[in-house]
Protein chains: 2
Amino acid sequence: MEKDIIKKIADIVGRDHCTTSLEDLHCYSYDGTGKTFLPEVVAFPDCTAQVAALMRLASAHVFPVVARGAGSGMTGGSLPVQGGLVLACSRLNHILEIDKDNQIGIVEPGVITGEFQQEVKKLGLFYPPDPASLKFCTMGGNAAECAGGPSAVKYGVTKDFIIGLEVVLASGEILTTGTRTEKGVVGYDLTRLFIGSEGTLGIITKIITRLIPLPEYKATFLISSRSLSQATTLVAEILNHNIRPCTLEYMDRTALDLVAKLLPEPPAPDIEAMLLLEIDGSKGAVREQTERLLSLLSTTPQCTIRQATTETERQELWLARRSISPATFQLSPHKISEDVVVPRTRIPDLVHFTENLARELGLTIITFGHAGDGNIHVNIMLDRDQEEQRRKGEIARERLFRQVIELAGTLSGEHGIGITKSSFLPLELDDTTLKVMKQLKNLFDPQGILNPGKIFPQDVSASAAVNK
Amino acid sequence: MEKDIIKKIADIVGRDHCTTSLEDLHCYSYDGTGKTFLPEVVAFPDCTAQVAALMRLASAHVFPVVARGAGSGMTGGSLPVQGGLVLACSRLNHILEIDKDNQIGIVEPGVITGEFQQEVKKLGLFYPPDPASLKFCTMGGNAAECAGGPSAVKYGVTKDFIIGLEVVLASGEILTTGTRTEKGVVGYDLTRLFIGSEGTLGIITKIITRLIPLPEYKATFLISSRSLSQATTLVAEILNHNIRPCTLEYMDRTALDLVAKLLPEPPAPDIEAMLLLEIDGSKGAVREQTERLLSLLSTTPQCTIRQATTETERQELWLARRSISPATFQLSPHKISEDVVVPRTRIPDLVHFTENLARELGLTIITFGHAGDGNIHVNIMLDRDQEEQRRKGEIARERLFRQVIELAGTLSGEHGIGITKSSFLPLELDDTTLKVMKQLKNLFDPQGILNPGKIFPQDVSASAAVNK
């Protein structure tokens, strides 16, 4: 990018809110994938008008613009793989409105999701989406990737709570979508087109969310099973017994061993898997659902259930669950982490498949995650510096994806496609669907300046990566 | 349309499944608006391949194709305003699958919504969307218009239950959107783009819905208020007391008088409005919510609450509520019926506005409907044969729409735009939004053959109407 363009960017956001220093660029070059791509400049706009001016400039001079929240994405959505401008949303971080009586919130994209949750909670309201990175990820990033989390089994994911957006288009024009009422059918649903579009169709500058009343009670259970296939079968069974948990997480034995010390008591040697289950709602509803759950499990052999009796114990269970992902690195220096989804009844098939795959390839594969909605995090452990393991890891990944499609599932439940999964897109989407998506991309971004190199299969030059 | 094209249509669907007789054409010329436009031919395809062949033909010979479910739409979505082919979905009427364990249903567009509800109910499952035309409207029409209904206040509308579609594009290509899992973020969300698009972007040939467990208990209440402003204020109050009704309907005095004979007991003379409220869920949850509701109302002066104690009484209350719309014709031969939405707390302002408007213009305006989500059905009564009333009706409608936008609302909550509201679209959507929507229309339907004349403001020649 030429110096006069950098100067124009500085003119738009102010010299103090734009940087080209190498140290700074490095801070905006990575995300949760561990991959690194240096941008050429980072700008920190603080209003929609500045974002619009940046996009007009990018359109006029044709340089890439990559929006960035907290950089916590798992598939490379915020990586500037073709350089250009990183548009950091850290100053677009205001909660603009919480309309308690109409149960609506309006935020800028840089608002931290967990902080928004805390603010609405003070008013007795609830914004359920709870990705693992809750404490630092942003509402804009969540919208762009359609983030999920454990609560999705009952409440749905980010897209189920966003009812309107303000988006700056590639041209710099400002688009308003949706309404501030839950109902609304005036023209096409543009809101959803942008949610999960990973910054490739426009820059989200404002988000309208619906909110729900805060559940008053919560009960937390840990179900230990001596049979892996029983534990995985139990997931659909629980949901089909008219129990609607707000958490239904699954952990295999390898995952449990990694966090055994964090659990209130370590799992007995013969335990093959555990389910972490929570029920929320009014006092009576939680009591009823609890009774139903205990009754179901009383007739289920080979498993035991314990309820967290104190908030401390509940926190311990969650700490253990949340620690699995980082703890996997005790086993290998690298991993391929996938968030595939299968219909709930196919979870046993999927887990069985990964076990065989691990055995066959001599790899460690850990499965855990949001079993309630069929969204299993499959972690293929490996050492990338060993050519053989890298190769086997890629084989495992491709075979996993093919199996998921075979099981009527989908390649990603909440992480998106980004760069890490784009080459597998044709496994799931047929030619017509891919063509239509590309036509939409071309309509909204004819010059290809919005987060280029993402979602669609293409030759992202590996050499552009500073490291991986 | 030339004879050889009609012949080709007959070749695709079979001679017995295609008609050009005037008597038949009349049967496919009208909808809930009372307006009539004759198609040139009606075809009844029975599979996706036939729909695709029809669209290839339409693309090659450039004639309009208008998909039609039951013709129960309220804004003209299924009217062939420019003639051409009506693609009737009555033979695409199969429930293809109900996957009980994964709580998913797959249907063809011609399946009647109420029948689908009954079928899933047999398996202990629930498909909540419940438009008034439930007993005869179709899943395809519901998807195309994004139908709502009383249950939307708790469960959401059609779009909240559809997770995937099969769509035949203008070109005849077959597009698959979404997944059969609730989570899924692979590429752009094309499903929502088609829902509510009123047949202008493609022909829906398959619908994947999510399903939820059937609520076990239900309690029904009728709240009578001696103060109109109190009744309308109560709506937001109830919801902000952590009560989540599955029905929260409002009826003004004029509406009540129309159906007084159908109510278990006629409303006292000083009653100004009533709310019909239902709570569903597990036994304990219904009990708790009932207690909360009664406690709230015990401190609310000027209103009384009665609970339906028998199923018969419950049915009577619903019959009365459902009879309002047809009963309005006791007052005048015609009406302008709008389904505007405002934030719940603005309902008192909206109702106050319509009262003043009615007084000022000397018209009868009835307000009733889905107050819980701010979706009020405003019925402006008139005799179209009287020039003066017709003129005043149009004035009332435009002023109503302007006021709704002023109150941060939207022109349509569940009926769509069709032809009746298209000229008002620029009131709600700014130039950029309209431009983007038109670009999308042009991308999916460059020749303008899919349901032409709908949604977007244009000169729909009134003379094309056989009658109105």
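Just a few scattered comments:
- Gyration tensor over alpha-carbon atoms, region B:264-317, equivalent ellipsoid semi-axes in Å: 21, 17, 7
- Intensity falloff of region B:353-468 expressed as log10 I(q)/I(0), Debye formula with alpha-carbon point scatterers, at q = 0.23, 0.24 Å⁻¹: -1.40, -1.44
- Using the Cβ-Cβ distance between B:ASP11 and B:VAL62 with R0 set to 25 Å, the FRET efficiency from 1/(1 + (r/R0)^6) comes to roughly 0.85.
- Stretch gain in nm, segment B:ILE405-B:LYS3, where the contour uses 0.36 nm per residue and the Cα spacing is subtracted: 139.9 nm
- The calculated 222 nm mean residue ellipticity attributable to helices in chain A amounts to -10500 deg cm²/dmol, summing -39500 (n - 2.57) over DSSP H runs of n ≥ 4 and dividing by all residues.
- Computed with a 1.4 Å probe over protein heavy atoms only, the accessible surface of region B:263-388 comes to 42 Å² per residue.
- At least 20 Å² accessible surface lost relative to isolated chain, residues of region A:360-393 (1.4 Å probe): A:ASP373
- With every protein chain in place, region B:3-90: carbon and sulfur % of accessible area (1.4 Å): 54
- Placing +1 on each Lys and Arg Cβ and -1 on each Asp and Glu Cβ, with no other charges, gives chain B a dipole about its Cα centre of roughly 220 debye.
- One equal scatterer on each Cα of region B:174-237, no solvent, Debye formula: the resulting log10 I(q)/I(0) at q = 0.12, 0.17, 0.25 Å⁻¹ is -0.64, -0.76, -1.15.
- Summed residue charge, Cβ within 13 Å of B:LYS3's Cβ, Lys/Arg positive, Asp/Glu negative: -2
- Based on every Cα atom in the protein assembly as shown, Rg and the maximum pairwise Cα distance Dmax equal 28.1, 86 Å.
- Of A:LYS121/B:LYS435; A:LYS135/A:LYS206; A:LYS121/A:LYS441; B:LYS100/B:LYS218; A:LYS206/B:LYS100; A:LYS159/A:LYS441, pairs whose Cα-Cα distance is over 28 Å: A:LYS121/B:LYS435; A:LYS121/A:LYS441; A:LYS206/B:LYS100
- The charge dipole of region B:95-213, taken about its Cα centre with unit charges on the Cβ of Lys, Arg, Asp and Glu (plus for the first two, minus for the last two), comes to roughly 300 debye.
- When both region B:287-364 and region B:126-167 are represented by their alpha-carbon centers, they are found 22 Å apart.
- Local electrostatic count, B:THR205, Cβ distance below 13 Å [Lys/Arg +1, Asp/Glu -1]: -2
- For region A:75-202, the C-alpha radius of gyration divided by 2.2 N^0.38 Å, with N the number of residues, is 1.05.
- Rough spin-label spacing in nm, given labels placed 7 Å along Cα→Cβ, for A:ARG322 and B:GLU360: 5.5
- Distance in nm between pseudo-label sites at A:PHE329 and A:ARG306 (7 Å out along the Cβ direction from Cα): 3.0
- Residues of region B:177-207 with amide N under 19 Å of a point placed 7 Å along Cα→Cβ from A:ASP431: B:177
- Alpha-carbon radius of gyration plus Dmax, which is the widest Cα pair, for region B:52-134 in Å: 15.8, 48
- Building the convex hull from the alpha-carbon atoms of region A:2-80 and averaging its projection over directions returns 5.1 nm².
- Residues in region A:363-400 that a label on A:HIS352 would reach, taking backbone N under 17 Å of a point 7 Å out along Cα→Cβ: A:400
- Shortest first, A:THR299 label-point distances to identical copies amount to 4.4 nm, with the label point at 7 Å from Cα along Cα→Cβ.
- The antiparallel fraction among DSSP beta bridges confined to region B:95-213 stands at about 100%.
- Within region B:224-286, the percentage of alpha carbon pairs spaced more than 17 angstrom apart rounds to 45%.
- nm² value of the averaged projected area, convex hull over the Cα atoms of chain A: 22.3
- The per residue volume of the convex hull around the alpha-carbon atoms of region A:131-171 is 74 Å³.
- Interface of A with B. Using a 1.4 Å probe and counting protein heavy atoms only, the two chains hide about 6600 Å² of accessible surface, both sides summed.
- Evaluated at q = 0.12, 0.13 Å⁻¹, the base-10 log of the normalised Debye intensity for region B:217-325, with identical point scatterers placed on the Cα atoms, takes the values -0.37, -0.43.
The values are calculated or read from the model by the stated rules, or taken from the named source; none is laboratory data. All figures in this text were calculated on a predicted structure; none of them were measured in a lab. Cβ sites come from the backbone with ideal geometry, for glycine too, and all protein chains shown count toward neighbours. For accessibility, only protein heavy atoms count, side chains too; no ligands or nucleic acids. Shrake-Rupley method; radii C 1.70, N 1.55, O 1.52, S 1.80 Å.
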